[in-house]
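First up is the structure itself, then whatever we jot down about it.
The values are calculated or read from the model by the stated rules, or taken from the named source; none is laboratory data. All values derive from a computational prediction rather than experimental measurement. Don't worry about glycine lacking a Cβ; one is built from the backbone with ideal geometry, like all the others, and counts go over all protein chains shown. Protein only, heavy atoms only, side chains kept; ligands, DNA and RNA dropped before computing areas. Shrake-Rupley method; radii C 1.70, N 1.55, O 1.52, S 1.80 Å.
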Amino acid sequence: MPPQKTNSDIIIPILGITGSGKSTFINTAIGTPVTAVGHELHSCTSRIEQFSVPHPRDRNRRVVFVDTPGFDDTYIDDEEILRLVAGWLARSYYEGMKIAGIIYLHEISQPRFETSRTSFFMLKKLCGDDRLKNVILATTKWGNIDEAVGRRREQQLSETYWKRMLVRGSRMARFMDTRESAWAIIDLVLDGDTVNFPKHSSQLEMVKYRPLSPTRRRKGLFGFLFG
C-alpha cells in the first residue's frame, strides 16, 4: 500500500513511450526496485502508481514519482492515458499536493523518431504551451548506443522534434543509469516553481471530459488543472 500523501509532498509525473525506461528511472532514483521493469513491447504499468522517497540531500523534502502507462502501448490508448493522468492530478489537487513538473523520457537508442511523434503531441496536449517550462526532456539508454550516434540524435531532437518545446522553456538532460544522474534531472524540476492550483474545481471536470478549445489547447490539461 503506497504511503499517505501529504500537502508537503512534491509530485513529479514520469512520462514516455513504452520501453523508454520510466520504471528504471524511478527504481534508480529511489535506490531499490519498487516497480517492475518491462522488456516487452507492452507496458508493465497499466495504471497510475506512486512511489515516494526523501530527497537525498534534504530528508524533510519528500518527492513522489507518478509512474504512468507508456504512450504508444498496444493495449492502452494514448487518450486514455491522458485521462488517467488528469484524474490522478485532479485527486492530488483536492489533497493539496504541489506539482513540480514533468519528466519525459525518450530512448536515445531508438533509431526512428516517428513512433514518438504521437507521444510528443500528447505531452504538449497535457502541458500546454504555458507549462512547457515545467517539463524536462530526458534521453535514456545511452549504454545501448555509440555516443557519437547518440549526440547526432540528440541534436536532431533539439533542432526538430523538441525545438518548439525548448523554445518555450523545456530543458534537455541525459539519464545515464546512475542515481546521481537521476537526481540531477529531478533537481532540474525542483529548481523551478511548483505549479499553481486552479481557482475553481469545476475546471477539473471540464478538463477531464470535454474537448479542448483553442484556449485550452494552449494551456493544456496540465495548465487547466494547475495553472
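Pairing residues of segment 8-22 that are closer than 14 Å to VAL85 by Cα with residues that are among the aliphatic types (A, V, I, L, M) and at pLDDT below 85, at Cβ distances under 6 Å and at least 6 apart in sequence or on separate chains, gives ILE11/MET97; ILE11/ILE99. Kindly indicate the residue of segment 181-205 that is of a type in the set (Val, Ile, Thr) and at pLDDT 95 or above and also surrounded by the fewest Cβ atoms within 10 Å (Cβ to Cβ) among those meeting that condition. The extreme case among them is ILE185.
Residues of segment 1-20 include at least one that is in a strand (DSSP E or B), open to solvent by 10 Å² or more (accessible area, probe 1.4 Å) and either more than 15 Å from ALA182 (Cβ to Cβ) or at pLDDT 80 or above (or both). Filtered by the rule that a residue be within 21 Å of the chain's Cα centre (by Cα) and β-branched (Val, Ile, Thr), segment 131-183 gives VAL135, ILE136, THR139, THR140, THR160, VAL167, THR178. With respect to the conditions (1) over 12 Å from THR18 (Cα atoms); (2) at pLDDT below 75, ASP58 falls short on a single one, namely (2).
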